[in-house]
Amino acid sequence: MYRKAINKTSRSHDYLLLDLIFAGDHESVKPGNVDAFKRLARIAKSYPDRCSLFAKQTCCAMIELKSISKTYKGYGGNYPALSHINLTIEEGDYLIVMGKSGSGKSTLLNILSGIDRPDEGSLLFRGSPLEQLSESSISKWRGRHVGIVFQFYQLLPSLTAQDNLLFAMELVGVIPKQERKHRVRDLLTRVGLEGKFEKFPHQLSGGERQRVAIARALANDPPLLIADEPTGNLDSITSQAIHQIFEQLNKSGKTIVQVTHENVTDRPFNKLYHMKDGVLSTPN
Ligand SMILES: Nc1ncnc2c1ncn2[C@@H]1O[C@H](COP(=O)(O)OP(=O)(O)OP(=O)(O)O)[C@@H](O)[C@H]1O
Ligand SMILES: [Mg+2]
C-alpha cells in the first residue's frame, strides 16, 4: 500500500511522506507501533532520493550527541560543565537525567535545544548537524521542533493563560491563524485548565501555571519536549499530576527529555541517566 502510494503521486516527496505519516495511515506509523514503523522505514529506504525527510526520521535517531563538551569561561577560571557527552534520543523516548545541583543538567538541555552551543562535539537532529545552522535558523528550528518547560514556568505575567499560548504561536507562525484559538483551548483543556483560559499567571496556583507552561510548550506541536525540573517547585500531589500529563504526552507520541535532582524510579521513562560533574552515565 505504501509502495503504491509512493509511486502514485507527483507531488513533492517530503509532502507525500508527511501525508503518509499524518494522514495516509497515521495510527500505524506511530513510533510506538514498531512493526509498521519498520516496514515503512524499509520501503522508505528503497526510495532514498524520493523520501529524504521520512528516511531521515526513520533511519536516524531523533537526536545524537557526539562527544559534546562545554566549558564556561570566567574571571575565576574555566569551569568544565559538560565533558564528552554521548547520547542517543530515539523518537518516542521518555528520557530522564538525574543529577545533583550544579552537575550540568541545564547546560545539557540548553545544548539540546540549541539555546547554547557546545565548544566541542556534534549534535545531529534526525541526521543533520545543528552546528551548521546560523543563529536565526536555530531559532526557527527550535520553534518548530522543541517545546521547553522550566521549573519556574516563565509565563509572561501580563498575558492571560490563553494569550501566553497565542503569543508562542504568533512567534513561530506554523499553526494557521484560523486554527490557533481552537488549538489553544484544546491544549489548555487537555492539561486540565478548562474554565481558566482568561486567568493571568498571578491568579493561578503553581501547578496550574506549570500546566499553562506545558500547554505553551505544545502550542506549535513540537515532536520534542524538554523539561528542566518541571516539578521542582511543586508539592508531591501536584507533581504527580504533572508527571501524568507527561506520561500521556509520551504515549501520544511526544519525545520527552526531563532533568531532575529527584531520585526517580517510579516514572514511566524508558531511559535513565545519571549526571555527575558534567559526565553522563547509565545507572549500574
Ligand atoms: N553562565 C555560566 N557561567 C559560568 N558557570 C556556569 C554558567 N552556567 C552554569 N555554570 C556552572 O556550570 C555548572 C553546571 O551548571 P548547570 O546549571 O548546568 O547545573 P544544573 O545541574 O542544572 O544545576 P541545578 O540543579 O542547580 O539547576 C555549575 O557548576 C554552574 O555553576
Ligand atoms: Mg539546572
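The values are calculated or read from the model by the stated rules, or taken from the named source; none is laboratory data. As the structure is a prediction and not an experimental result, all values here were calculated from the model. For neighbour counting, all protein chains shown are included, and Cβ atoms are generated from backbone atoms with ideal geometry for every residue, glycine included.
Within the range 73-86, residues that are in contact (Cβ under 8 Å) with a residue 12 or more places away in the chain sit with their Cβ atoms under 9 Å from residues that are in a strand (DSSP E or B) and near ligand 1 (Cβ under 8 Å from one of its atoms), at 6+ positions apart or across chains, in these pairs: Pro80/Tyr72; Ala81/Tyr72; Leu82/Met275; Ile85/Met275. Which number in (1) in contact (Cβ under 8 Å) with a residue 12 or more places away in the chain; (2) within 16 Å of ligand 1 (Cβ to nearest atom) marks the one condition that Ser281 misses? Unmet for Ser281, out of (1) in contact (Cβ under 8 Å) with a residue 12 or more places away in the chain; (2) within 16 Å of ligand 1 (Cβ to nearest atom): (1).
As an exercise: evaluate Phe152 against (1) over 24 Å from Thr107 (Cα atoms); (2) touching a residue at least 24 places away in the same chain (Cβ under 8 Å) and give the number of the one condition it does not meet. It is condition (1) that Phe152 fails.
I'd like the residue in the range 55-82 that is assigned to a strand (DSSP E or B), among the aliphatic types (A, V, I, L, M) and touching a helix residue (DSSP H, G or I) at 6+ places or on another chain (Cβ under 7 Å) and, out of all such residues, is farthest from ligand 1 (Cβ to nearest atom). Reasoning before the result, please.
So in the range 55-82, the residues assigned to a strand (DSSP E or B) come out as 63-74, 77-82.
From what's left, among the aliphatic types (A, V, I, L, M): 63, 65, 68, 81-82.
Of the ones still in play, those that are also touching a helix residue (DSSP H, G or I) at 6+ places or on another chain (Cβ under 7 Å) are 63, 68, 81-82.
Details: Ile63: 18, Ile68: 13, Ala81: 4, Leu82: 8 Å.
Here the answer is Ile63.
Here's the yes/no breakdown for (1) outside the structural domain of Val146 (by TED's automatic domain parsing); (2) touching an Asp or Glu at 6+ places or on another chain (Cβ under 7 Å); (3) at pLDDT below 75:
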site	(1), (2), (3)
Leu53	yes, yes, yes
Gly74	no, no, no
Gly77	no, no, no
Pro80	no, no, no
His84	no, no, no
Thr88	no, yes, no
Val97	no, no, no
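State yes or no: is Ile226 within 16 Å of ligand 1 (Cβ to nearest atom) and touching a strand residue (DSSP E or B) at 6+ places or on another chain (Cβ under 6 Å)? Yes, satisfied. Given the condition in the same structural domain as Phe125 (by TED's automatic domain parsing), hydroxyl-bearing (Ser, Thr, Tyr), away from ligand 2 (no atom under 16 Å from the Cβ) and touching a residue at least 24 places away in the same chain (Cβ under 8 Å), answer yes or no: does some residue in the range 229-238 qualify? There is at least one residue in the range 229-238 that is in the same structural domain as Phe125 (by TED's automatic domain parsing), hydroxyl-bearing (Ser, Thr, Tyr), away from ligand 2 (no atom under 16 Å from the Cβ) and touching a residue at least 24 places away in the same chain (Cβ under 8 Å). Reported count of residues in the range 102-152, each being on the phi > 0 side of the Ramachandran plot, surrounded by 17 or more Cβ atoms within 10 Å (Cβ to Cβ) and within 16 Å of ligand 2 (Cβ to nearest atom), is 1.
Taking into account only those residues within the range 83-108 that are within 20 Å of Leu133 (Cβ to Cβ) and within 8 Å of ligand 1 (Cβ to nearest atom), which is farthest from the chain's Cα centre (by Cα)?
Thr107
Condition check for Ser134 on (1) closer than 28 Å to Gln210 by Cα; (2) of a type in the set (S, T, N, Q); (3) out of contact with any strand residue (DSSP E or B) (no Cβ under 9 Å at 6 or more places or on another chain): one failure, at (1).
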